[in-house]
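K.L.:
The following block contains the structure, expressed as structure tokens.
The values are calculated or read from the model by the stated rules, or taken from the named source; none is laboratory data. Values in this document were obtained by computation on a predicted structure and should not be read as measured data. Virtual Cβ from ideal backbone geometry, glycine too; neighbours counted across all protein chains shown.
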Amino acid sequence: MVEEYHYDLVVVGGGPAGSSAAFAAAKNGIKVALLEKENSIAETVRTSGVTWIENIKEFGIPDNCYNPIKNFSFVSPNNEVTISDSIATAAVLDVRKTYRWLAEEAEKVGADVFVKTNINEVIKNKENDIVGVSGVGPNGKIIFHSKVIIDATGFSSIISKAMGFVTQWERFGAGAEYEAKVENVDPETWWLMVGQEYTPAGYAWIFPLGNNMVRIGVGVGKPESNVDPTQRLKEIIEKKLGPIKKLGKITPIEFHYGLIPNDGLSRKTVFNNLILVGDSAGQANPLVLEGIRYAIKFGRVAGKVTADAIKNKKTDKDALHPYEENWRKAIESKINSAGKVQDRWIGLSDKEWDRELDIIKELKTEEFLDFIKAEFGLSNMLKLAVSHPKLAVRQLFNLVRGR
Ligand SMILES: Cc1cc2nc3c(=O)[nH]c(=O)nc-3n(C[C@H](O)[C@H](O)[C@H](O)COP(=O)(O)OP(=O)(O)OC[C@H]3O[C@@H](n4cnc5c(N)ncnc54)[C@H](O)[C@@H]3O)c2cc1C
């Protein structure tokens, strides 16, 4: 038997973008379905879960969902720098708990959550606009008719691809990590590790979760490098490279693997009856490839704009455009600037990385944090581009100044 449903909004993908869109839309009074292909929300973790406490508070994420971070350590082959803050500003999320909380918030305000629902087709009207989706649910074929569809399927962008609006991301990051129990770790310090031995295009990381748990991972830029991040992760753990040695015995508990787009903000994100949000829209900070806070923030914007459009009985691309206008205004120039720094970083040799860390040492804590978050222009950082006594420092910050 075929199951068939009618909704105002169908959100495909129960990650942070999808749950946040469903939450904001249902809160604003429309009938919403949130569809997730896995057996439960966040069954598979595909992220390291680093984000910022300021954003956690803004979103209302509960305090028991994260481990706070105060110290930011970088190592290159022959250099090391630690930047410390007086209070914790960064956080490593308990990803499952956080993503489930986001979906529960959507349910609480009236969204219907369907798990085990794998969407693989779109339904179009005679104008070729999307008016629904179909796939396989727990009881077989399942069809959803809807006035608006939000594609929150992440990297795969299933809906937008099925509509023929996008093709596979060409430039992306591939990451592999272990969540592991270790003997020794400072729970307030994260480590980023750069240089050829860690990864030829990207960085490796140790992110503490508290209770002697860490996420140890390797990210590799594609197509710049053909190194397999899983293989490289095993090698750096076996060799006990750099700060990995200090962890003592490492007992892996869970393996995570994922892909993140790194093609800049190249996609149109609004079509008739359709919005793309989160990784499907390419909304990630390319410097450290973090997208969770953007997925939640712009997921909520997408949900609110959709609710307004549905109430006004007009859901074409012009009616949904305020969403695209909102997110572009908020992050487009920052992401473009961050992309330029990333282009510089991706080609650095080990010696050049050693020198780059000397530049990072010159930054005050708030300058460093704004830099890594791609919040250029908030602190005095841009002044460094003109007034810093060291040429190398001026050169780095000139990249983010002119856009
Ligand atoms: C290795 C790695 C490390 C990362 N580390 C960080 C980090 O530390 N901090 C940070 O901010 N960001 C990080 N990111 C990026 C971050 O994970 C993403 O930006 C974020 O998850 C995007 O959220 P999303 O909701 O758009 O997509 P996703 O989180 O990918 O969610 C998409 C959801 O859609 C579901 N889905 C897919 N296809 C279908 C379908 N056909 N039918 C139904 N459901 C479907 C999936 O199962 C999934 O639940 C990392 C990414 C990777 C790959």
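K.L.:
Return the pairs, sorted by first residue and then second, in which the second residue is of a type in the set (D, E, K, R) and surrounded by fewer than 24 Cβ atoms within 10 Å (Cβ to Cβ), the first residue lies in region 1-25 and is in contact (Cβ under 8 Å) with a residue 12 or more places away in the chain and more than 11 Å from Asp151 (Cβ to Cβ), the beta carbons are less than 6 Å apart, and the residues are 6+ apart or on different chains.
P.N.:
Within 6 Å, the pairs are Val2/Lys141; Tyr7/Lys31; Asp8/Lys31; Asp8/Lys147; Ser20/Arg300; Phe23/Glu105; Ala24/Arg300; Ala24/Lys304.
K.L.:
Using the structure shown, decide if Glu80 is among the acidic types (Asp, Glu), over 30 Å from Ile346 (Cα atoms) and surrounded by fewer than 17 Cβ atoms within 10 Å (Cβ to Cβ). If you could, list the steps in order and put the result at the bottom.
P.N.:
Details: among the acidic types (Asp, Glu): yes; over 30 Å from Ile346 (Cα atoms): no; surrounded by fewer than 17 Cβ atoms within 10 Å (Cβ to Cβ): yes.
The answer is no for Glu80.
K.L.:
Restrict the check to region 219-231 and report whether at least one residue is among the acidic types (Asp, Glu) and touching a helix residue (DSSP H, G or I) at 6+ places or on another chain (Cβ under 7 Å).
P.N.:
So the first thing to find is which residues in region 219-231 are among the acidic types (Asp, Glu), and the list is 224, 228.
Adding the requirement that they be touching a helix residue (DSSP H, G or I) at 6+ places or on another chain (Cβ under 7 Å) leaves 224.
Yes, region 219-231 contains a residue that is among the acidic types (Asp, Glu) and touching a helix residue (DSSP H, G or I) at 6+ places or on another chain (Cβ under 7 Å).
K.L.:
If you don't mind, there's one more thing I want to ask. Just the residues that are part of a loop (DSSP other than H, G, I, E, B) and buried (at least 17 other Cβ atoms within 10 Å of the Cβ), please, taken from region 130-170. Reasoning before the result, please.
P.N.:
First, pick out the residues of region 130-170 that are part of a loop (DSSP other than H, G, I, E, B): 138-139, 152-153, 157, 163-170.
Ala152, Thr153, Ser157, Met163, Phe165, Val166, Trp169, listed by residue number.
K.L.:
Which residues, counting only those in region 90-129, are more than 14 Å from the ligand (Cβ to nearest atom) and among the β-branched types (Val, Ile, Thr)?
P.N.:
Scanning region 90-129 gives Val109, Ile123.
K.L.:
What number goes with the only condition from (1) surrounded by fewer than 21 Cβ atoms within 10 Å (Cβ to Cβ); (2) in contact (Cβ under 8 Å) with a residue 12 or more places away in the chain that Ala106 does not pass?
P.N.:
(1)
K.L.:
Of all residues being touching a residue at least 40 places away in the same chain (Cβ under 8 Å) and under 17 Å from Asn226 (Cβ atoms) in region 187-202, which is surrounded by the fewest Cβ atoms within 10 Å (Cβ to Cβ)? Just the residue, please. Break it down stepwise before answering.
P.N.:
If we filter region 187-202 for residues that are touching a residue at least 40 places away in the same chain (Cβ under 8 Å), which is where we start, we get 187-198, 201-202.
Still in the running and under 17 Å from Asn226 (Cβ atoms): 196-198, 201-202.
Numbers: Gln196: 14, Glu197: 16, Tyr198: 26, Ala201: 19, Gly202: 28.
Out of the qualifying residues, it is Gln196.
K.L.:
Identify, please: which residue in region 52-77 is touching a residue at least 40 places away in the same chain (Cβ under 8 Å) and among the hydroxyl-bearing types (Ser, Thr, Tyr) and is, among those, nearest to the ligand (Cβ to nearest atom)?
P.N.:
Among residues in region 52-77 that are touching a residue at least 40 places away in the same chain (Cβ under 8 Å) and among the hydroxyl-bearing types (Ser, Thr, Tyr), the one nearest to the ligand (Cβ to nearest atom) is Ser73.
K.L.:
How about region 236-266: which of its residues are touching a residue at least 60 places away in the same chain (Cβ under 8 Å), within 16 Å of the ligand (Cβ to nearest atom) and either among the basic types (Lys, Arg) or not in a loop (DSSP other than H, G, I, E, B) (or both)?
P.N.:
Initially, region 236-266 is screened for residues touching a residue at least 60 places away in the same chain (Cβ under 8 Å), giving 242-243, 246-265.
Pick out the ones that are also within 16 Å of the ligand (Cβ to nearest atom) and you get 252, 254-265.
The answer is Pro252, Glu254, Phe255, His256, Tyr257, Gly258, Leu259, Ile260, Pro261.
K.L.:
Here is a follow-up. Given the condition of a type in the set (S, T, N, Q), in contact with an Asp or Glu (Cβ under 9 Å, 6 or more places away or on another chain) and under 18 Å from Arg215 (Cα atoms), answer yes or no: does some residue in region 49-60 qualify?
P.N.:
First, the residues of region 49-60 that are of a type in the set (S, T, N, Q): 51, 55.
Okay, now just the ones that are also in contact with an Asp or Glu (Cβ under 9 Å, 6 or more places away or on another chain), so 51.
Narrowing further to those that are under 18 Å from Arg215 (Cα atoms): 51.
The answer is yes; a qualifying residue exists.
K.L.:
Failed condition for Ile216, given (1) of a type in the set (A, V, I, L, M, F, W, C); (2) at pLDDT below 95; (3) not in a loop (DSSP other than H, G, I, E, B), with all others met?
P.N.:
Ile216 satisfies all of (1) of a type in the set (A, V, I, L, M, F, W, C); (2) at pLDDT below 95; (3) not in a loop (DSSP other than H, G, I, E, B) except (2).
K.L.:
Across region 267-285, what is the number of residues that are assigned to a loop (DSSP other than H, G, I, E, B), more than 9 Å from the ligand (Cβ to nearest atom) and closer than 22 Å to Phe59 by Cβ? Full working, then the answer.
P.N.:
Initial filter on region 267-285 (assigned to a loop (DSSP other than H, G, I, E, B)): 267-269, 272-273, 277, 282-284.
Right, trim to more than 9 Å from the ligand (Cβ to nearest atom) and you get 267-269, 272-273, 282.
Add one more test, that the residue is closer than 22 Å to Phe59 by Cβ, and what stays is 269, 282.
Qualifying residue count for the region: 2.
K.L.:
Here are Lys304, Lys297, Lys317, Lys340: which of them is more than 16 Å from the ligand (Cβ to nearest atom), charged (D, E, K, R), touching a residue at least 40 places away in the same chain (Cβ under 8 Å) and closer than 18 Å to Ala24 by Cα?
P.N.:
Working: Lys297 fails: more than 16 Å from the ligand (Cβ to nearest atom); Lys317 fails: closer than 18 Å to Ala24 by Cα; Lys340 fails: closer than 18 Å to Ala24 by Cα.
Going through Lys304, Lys297, Lys317, Lys340 in turn, just one is more than 16 Å from the ligand (Cβ to nearest atom), charged (D, E, K, R), touching a residue at least 40 places away in the same chain (Cβ under 8 Å) and closer than 18 Å to Ala24 by Cα: Lys304.
K.L.:
Count, please, the residues in region 118-145 that happen to be touching an Asp or Glu at 6+ places or on another chain (Cβ under 7 Å) and either polar (S, T, N, Q) or at pLDDT below 95 (or both).
P.N.:
2
K.L.:
For the structure I just gave you, tell me whether Pro223 is over 30 Å from Thr306 (Cα atoms) and modelled with pLDDT under 95. Step through it out loud before you land on a result.
P.N.:
Details: over 30 Å from Thr306 (Cα atoms): yes; modelled with pLDDT under 95: yes.
Yes.
K.L.:
I would also like to ask the following. Are any residues in region 4-51 over 30 Å from Phe255 (Cα atoms), outside any strand (DSSP E or B) and either hydrophobic (A, V, I, L, M, F, W, C) or within 10 Å of the ligand (Cβ to nearest atom) (or both), and if so, which ones?
P.N.:
Ala24, Ala25, Ala26, Ile30
K.L.:
Among the residues of region 283-314, which ones are within 9 Å of the chain's Cα centre (by Cα) and not aliphatic (A, V, I, L, M)? Even if it seems obvious, please write down each step before you answer.
P.N.:
Initial filter on region 283-314 (within 9 Å of the chain's Cα centre (by Cα)): 283-285, 289-295.
Matches in region 283-314: Gln283, Asn285, Glu290, Gly291, Arg293, Tyr294.
K.L.:
Within region 295-403, considering only helices (runs of 4 or more DSSP H) that don't extend past its boundaries, which have at least 1 residues that are within 27 Å of Asp279 (Cα to Cα) and touching a helix residue (DSSP H, G or I) at 6+ places or on another chain (Cβ under 9 Å)?
P.N.:
Values: elements: 317-346, 350-361, 365-372, 381-387, 391-401.
Passing ranges, in order: 317-346, 365-372, 391-401.
K.L.:
Kindly provide the set of residues from region 98-117 that are out of contact with any Phe, Trp or Tyr (no Cβ under 9 Å at 6 or more places or on another chain) and closer than 15 Å to Val45 by Cα, ordered by number.
P.N.:
If the condition is that a residue be out of contact with any Phe, Trp or Tyr (no Cβ under 9 Å at 6 or more places or on another chain) and closer than 15 Å to Val45 by Cα, then Tyr99, Arg100, Trp101 are the ones that fit.
K.L.:
OK, next. Considering every residue within region 332-346, establish whether at least one is in contact with a Pro (Cβ under 6 Å, 6 or more places away or on another chain) and closer than 22 Å to Lys390 by Cβ. Full working, then the answer.
P.N.:
To start, the set of residues in region 332-346 that are in contact with a Pro (Cβ under 6 Å, 6 or more places away or on another chain) comprises 338-339, 342.
Now drop any that are not closer than 22 Å to Lys390 by Cβ, which leaves 338, 342.
Looking for residues that are in contact with a Pro (Cβ under 6 Å, 6 or more places away or on another chain) and closer than 22 Å to Lys390 by Cβ, one finds at least one in region 332-346, hence yes.
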